[in-house]
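Each remark here refers to the structure printed beneath this line.
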Amino acid sequence: MKKIYFDNAATTQIDSNVLKSMNFVMSNSYGNPSSTHSFGRESRTIIENARKSISSEFNVSTNEIFFTSGGTESDNTVLISAVRDLDVERIITTRIEHHAVLNVVEFLNKKYNVEVEYLELDKNANINFNELEKHLSKNYKKTLVTLMHINNEVGIITDIDRVGKLCKKHNAIFHSDTVQSIGKYKLDLSKCNVDFIVGSAHKFHGPKGIGFMYVNKNLNLKSILIGGGQERGLRAGTESVHNIFGMEKAFLNSYQNFKNDNNHILELKKYFIKNVKKEIDGIKFNANCDDLENSSSSIINICLPISNERSLLLDFNLDLKGIACSKGSACQSGSNKGSHVLSEILSGNDLSKPSLRFSFSKYNTKKEVDFVIGTLKDFIDK
């Protein structure tokens, strides 16, 4: 049985060339990058070349890119250090952020008594920019705004350029979780007033356990890890050279093949939307994710016209057919809790029905889409 992987928002298949390059580095460039001998200098060169590649794509300085273990550590570092070291007293966010942000914000509220203001959302998960400016205009406390660029569950895109301009106008700091954006969207940070962004290699066909954060050079964060002075004092611990090299290769692949890969993925999404509408009556697209201009090219979240009682049987049926998708974010797997994102935007009636997220990559095909839609139709029609 051929398996179909439509859960690329959770993680992606590592590129075979990336894997080969990582194996070579592990076998040949094993020196500690903090060592001054030739083995260490070779590893240090690999790291700094990767930093240069990433900073060049974003049009920022190399000293503004820091390597971490991934998006969660990056988000934690930014938010905790902003409160602890930059004297942030108020955070403005939404209730549909990734838990790497939401749970940290809740921790900061309890631990440091940071004021938290949650923006209201419309049914399509859009923020109200007038409300954001109203909150920002109450400029009595040092404020950080944290809004993700692309929501990992429903794919809604937030206009971070517009958010950045409002933050600059009102002297607020702006952090955006861009984990779902890297490799799929071009970001020129020299023209966008974003102070912090984060990335995770396994979202763009790189290895797990490695990521990065961009930190505006005018903001002096401090490490939340106690140890050595790696990453210019912002991230203690011996750098994972082979993972950094693998992330660089996956990053470069993503942007060198940007047009072709993203056109292919967008065509898959269009094809899915067209055919699922034709085959399944009563299908709904959560957060208007069938709006191709305002949602991610790779994410579709659908509400199925069946009772929630059939949900477990549906999961079993999809898995039996070799189809991988997601009921919510992968970070909630094993939890009995429903999606915190859908809970914010769906009506009670739609929440009583099962929703599925399908997310595509360059490795998927229209033939796979046909099989998945056919499987859904057969199940619903029974």
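Taken together, the values in this text are just the output of simple stated rules run on the coordinates, not laboratory data. For clarity, every value in this text was computed on a predicted model and none was experimentally measured. Note that we place each Cβ from the backbone using ideal geometry, even for glycine, and neighbour counts take in every protein chain shown.
Extension gain, S343 to S27: 0.36 nm times the residue separation minus the Cα-Cα distance gives 109.0 nm.
DSSP beta bridges confined to the chain are antiparallel in about 55 percent of cases.
Sorting the segments 7-13, 36-42, 138-144 by their mean number of nearby beta carbons within 10 angstrom, highest to lowest, gives 7-13, 138-144, 36-42. For the Cα atoms of the chain, what angle does the longest principal axis make with the long axis of helix 38-58, in degrees from 0 to 90, nearest 10? Taking the Cα atoms of the chain, the angle to 38-58 is about 60 degrees. FRET efficiency for the E309 to D370 pair, using the beta carbon distance and R₀ = 30 Å, is estimated at 0.60. Protection proxy ranking, highest mean first, for peptides 347-358, 287-298: 287-298, 347-358, where packing is the per-residue count of other beta-carbon atoms within 10 Å, averaged. Net length available on complete extension from N263 to E89 is 58.4 nm, with 0.36 nm assigned per residue and the Cα-Cα distance removed.
For the stretch 181-250, the square roots of the Cα gyration tensor eigenvalues, ordered a ≥ b ≥ c, give a/c of at least 1.5 with a/b no greater than b/c, which places it in the oblate category.
Please report how far the C-alpha centroid of the stretch 296-324 lies from that of the stretch 221-263, rounded to the nearest whole angstrom. Rounded to whole Å, the Cα centres lie 34 Å apart. Annotation: peptides 160-167, 306-313, ranked by per-residue average of other Cβ atoms within 10 Å with the highest first, follow the order 160-167, 306-313. Excluding residues on the same chain fewer than 8 positions from K141, give the lysines whose Cα lies under 16 Å from its Cα. Cross-link targets: K168, K169. Put a dot 7 Å past the Cα of K141, heading toward its Cβ, do the same for H37, and the two dots end up 5.3 nm apart.
Rounded if a/c is under 1.5, else prolate if a/b beats b/c, else oblate: with a ≥ b ≥ c from the C-alpha gyration tensor eigenvalues square-rooted, which is the stretch 16-256? It is prolate, given that a/c is not under 1.5 and a/b is the larger ratio. For the options A324, A250, A201, a Gaussian network treatment of the chain with springs between C-alpha atoms closer than 10 Å singles out A324 as fluctuating the most. What pairs in K249/K353; K110/K217; K52/K321; K203/K277 have C-alpha atoms more than 32 Å from each other? Over 32 Å Cα-Cα: K249/K353; K52/K321. Between K269, K249, K259, the Gaussian network model of the chain with springs among Cα atoms under 10 angstrom shows the greatest mean-square fluctuation at K259.
Between the helical axis of 311-320 and the longest alpha-carbon principal axis of the chain there is an angle of about 80 degrees. Between T62, T45, T93, the residue with the greatest mean-square fluctuation in the GNM of the chain (Cα pairs under 10 Å linked by springs) is T45.
Sorted fewest first by neighbouring Cβ atoms within 10 angstrom, H99, H149 come out as H99, H149. Under 12 Å of direct C-alpha separation, and excluding same-chain neighbours fewer than eight residues apart, K186 reaches these aspartates and glutamates: E57. Compute the relative contact order of the stretch 16-256 as a whole-number percentage, counting only Cα pairs closer than 8 Å that sit 6 or more residues apart in sequence. Computed over the stretch 16-256, the figure is 26 percent.
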